[in-house]
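Nothing in this text is a laboratory measurement; each read-out follows from the coordinates by a stated rule. Only a predicted model underlies this, so the values are computations on that prediction, with no experimental measurement involved. Positions of Cβ are generated from backbone atoms using ideal geometry, with glycine treated the same way; all protein chains shown enter the neighbour counts.
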Amino acid sequence: MSAGVVIAGGGLAAQRCAEALRHGGYEGAIKIVSNELHVPYNRPPLSKALLAGTKEPDDVLFRSADWSAEQGIELLLGDGAAGLDVERRKLLLESGAQLDYDDLVIATGSRARQLPGSEQYTNIHSLRTLGDAIRLREVLQPGTRLAVLGAGLIGQEVAATAIGHGAEVTLIEAEPLPLARALHPELAQWLVDLQREEGVEVKLDARATELIGDGDRLQALLLDDGSRVELDEMLVAIGVIPNSEWLPDELALLAARPDIHAAGDVAGGDHWELAGHQGKAAAKAILGQAPAPPPFTGWWSDLHGVRLQGLGAPAANDEIVFKGNPAERDFHAVVSRDGVPVAALAVGQPREIPRLRKLLAEHALSQPSKEAA
Ligand SMILES: Cc1cc2nc3c(=O)[nH]c(=O)nc-3n(C[C@H](O)[C@H](O)[C@H](O)COP(=O)(O)OP(=O)(O)OC[C@H]3O[C@@H](n4cnc5c(N)ncnc54)[C@H](O)[C@@H]3O)c2cc1C
């Protein structure tokens, strides 16, 4: 009997891979191994509707456990991938069990980077899992002084959602402007202004130099601009680390094997669209089908009731053209390099995204590759 497909990791990439396998007619065994206790769930609402309290844990599950059972997708929850025997095609689990596979999909995602020296404090949070979001939601009350370290997308969203809870929020960013890889400086400045207008205190170009605590409670942060931030709770949102330590070799080397596929954040992405696309692409490879052409993937965020949708990778000295009304939070902007559109942002204008995606994709295709240049 064939061993089928084993998917290590139980997030978006794993879910999309399993769905696409069944959708594509795969009849063999499919096993999803996750070190979490929940069936696969969607992470974007964790910093938005779930944290705001307008969604509950059941609302963010991709599918029910019953759906997986009906589809013949076995969920092995609460056990982690701990090693791999590539020659004997075996995934080794933390429990000591071993799973044979014909094809292995590595989809273990990433985890939140921790702040060194902060382990003893119980009021420091990170946000990656459903449990993290529920714990953070419980402590956000009117008047809670929340410090958010790191103004990436998760830090931005938690700051915005916490303001909705009536918290007093200080958002601290080490760089002069946030989100340099995703936002042109003029757009990053627009975002800082938005947060400030909504009552978030934003501190830029500021790094924590000292943690001041009492027992297991962190009480304040000293910053290198000389200021002191008093706090009741702190979110650390300073990036992610891929969950790849359990692999016996470099991910890229393993994924070059025909029976091993990698998908999602573990493979270096950090956005939902890309992880879903890569999960489906892994399924296509297993089914022996040509992969769908990679889409021009992007990201989105919901902040203070406004939807931001971004595409492409801008650089600081690219040209930018705005259309619409930034002050009214209703505009889009196209960022160009040497006259070629390379990135775009739509704010409150979701209808513009298909056109902008097409525009960027056409120009990306028409550019000579670096190697060819
Ligand atoms: C709070 C939050 C908000 C976000 N908002 C947005 C957004 O608005 N827009 C956007 O584009 N993207 C957003 N993202 C990013 C997006 O959710 C991720 O890109 C996506 O979840 C990646 O999917 P994945 O399957 O690769 O990894 P994950 O969803 O992280 O799933 C990996 C799973 O594997 C498990 N695992 C880890 N190690 C092991 C192991 N050794 N064995 C077994 N299982 C293991 C993990 O516990 C986890 O369940 C957000 C992420 C977070 C955390």
Residue-by-residue Karplus 3J(HN,Hα) for segment 265-271, coefficients 6.51, -1.76, 1.60, Hz, glycine and proline x: 4, 4, 8, x, x, 8, 10
Under 22 Å from the Cα of LYS31 - lysines, other chains or at least 8 residues apart: LYS90, LYS280, LYS284
Neighbour-count ranking [beta-carbon atoms within 10 angstrom, fewest first] of VAL6, VAL139: VAL139, VAL6
Under 19 Å from LYS203, Cα to Cα: aspartates and glutamates that are on another chain or at least 8 residues apart: GLU157, GLU168, GLU173, GLU175, GLU186, ASP193, ASP224, ASP225, GLU230, ASP232, GLU233
Acute angle (nearest 10 degrees) that the helix 12-23 long axis makes with the longest principal axis of the chain, alpha-carbon atoms: 40
Hz values of 3J(HN,Hα) by residue in segment 211-226 - Karplus curve (6.51, -1.76, 1.60), Gly and Pro given as x: 9, 10, x, 9, x, 9, 10, 7, 10, 7, 10, 9, 10, 6, 8, x
Cleavage-rule hits, GluC sites (Glu not before Pro), segment 1-106, DSSP coil, Cβ neighbours within 10 Å at most 11: GLU27, GLU87
Only Lys, Arg (+1) and Asp, Glu (-1) charged, at Cβ; segment 305-366 dipole about Cα centre in debye: 260
Evaluated at q = 0.07, 0.08, 0.12, 0.15 Å⁻¹: base-10 log I(q)/I(0), Debye formula over Cα of the chain: -0.35, -0.46, -1.01, -1.36
Angle in degrees between helix 185-197 and the longest Cα principal axis of the chain, rounded to the nearest 10: 70
The chain: angle of helix 353-366 to the longest principal axis, Cα-based, in degrees nearest 10: 70
Ranked list, fewest to most other Cβ atoms within 10 Å of each Cβ, for SER34, SER244, SER64: SER64, SER244, SER34
Charge context of THR129, other residues only, Cβ under 10 angstrom, K/R +1, D/E -1: +2
Sequence of VAL5, VAL105 once ranked by neighbouring C-beta atoms within 10 Å, starting from the fewest: VAL5, VAL105
Rel. contact order, % - alpha carbon contacts under 8 angstrom, at least six apart, segment 305-366: 34
Most to least packed among 166-175, 312-321, 207-216, 276-285 [average Cβ atoms within 10 Å]: 276-285, 166-175, 312-321, 207-216
³J(HN,Hα), Karplus 6.51/-1.76/1.60, whole Hz, each residue of segment 235-248, x for Gly, Pro: 9, 9, 10, 10, x, 10, 10, x, 7, 10, 4, 6, 7, x
